[in-house]
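> Take a look at this one; I'll ask things after.
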Amino acid sequence: MTDVMTKPHQLIASDRIEGTAVRRPNGDRIGHIEWLMIDKISGKVSYAILSFGGFLGMRANLLPLPWARPTYNRGIEAYQLDIDDDELRRAPSFRADKDFDWGDRSQEAELHRYYGIAPYWGGF
């Protein structure tokens, strides 16, 4: 087998995103990406699930973020999210021990309205 030199590209494997830090523009850590939600039909990433609060993953809150909301910052090798503590506390979230009802489109619509981002499935 020969060594293959890979060129830089824009793609990343999902397992490399899980665990990546999420920081504010000033560099303060908010949490990390727990997992991604991918639309089965389109194949597009729909949400990043942000884990924050708690201790060692215990009693952590999970915040479904529309994938258009966080941006990747190469300089700090983290996803960047411009959100203050009050907005973070008010954001639709769920506990790690209780699942979000992904079958309830009205809950997803509420997420998108909260962030002012058009839903990935169209409409608003």
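> Among the residues of segment 65-81, count how many are closer than 22 Å to Gln107 by Cα, of a type outside the set (A, V, I, L, M) and in a loop (DSSP other than H, G, I, E, B).
Qualifying residue count, segment 65-81: 3.
> Do we find that Ala48 is at pLDDT 90 or above, assigned to a loop (DSSP other than H, G, I, E, B) and within 25 Å of Leu11 (Cβ to Cβ) in this structure?
no
> While we're here: Within segment 17-31, can one find any residue that is among the aliphatic types (A, V, I, L, M), at pLDDT below 90 and within 15 Å of the chain's Cα centre (by Cα)?
Taking every residue of segment 17-31 in turn, none turns out to be among the aliphatic types (A, V, I, L, M), at pLDDT below 90 and within 15 Å of the chain's Cα centre (by Cα).
> Among all residue pairs at least 6 apart or on different chains, which show Cβ distances below 7 Å where the first residue, located in segment 72-87, is touching a residue at least 12 places away in the same chain (Cβ under 8 Å) and under 10 Å from Arg23 (Cα atoms) and the second is outside any loop (DSSP other than H, G, I, E, B) and among the small types (Gly, Ala, Ser)?
The qualifying pairs are Ala78/Ala21.
> With respect to Asp28, determine if the residue is within 23 Å of Gln107 (Cα to Cα) and either surrounded by fewer than 17 Cβ atoms within 10 Å (Cβ to Cβ) or in contact with a Gly (Cβ under 6 Å, 6 or more places away or on another chain) (or both).
Answer is no for this residue.
The values are calculated or read from the model by the stated rules, or taken from the named source; none is laboratory data. Please read these numbers as outputs of a predicted model, since none were measured by experiment. Backbone-built Cβ (ideal geometry, glycine too); neighbour counts: all protein chains shown.
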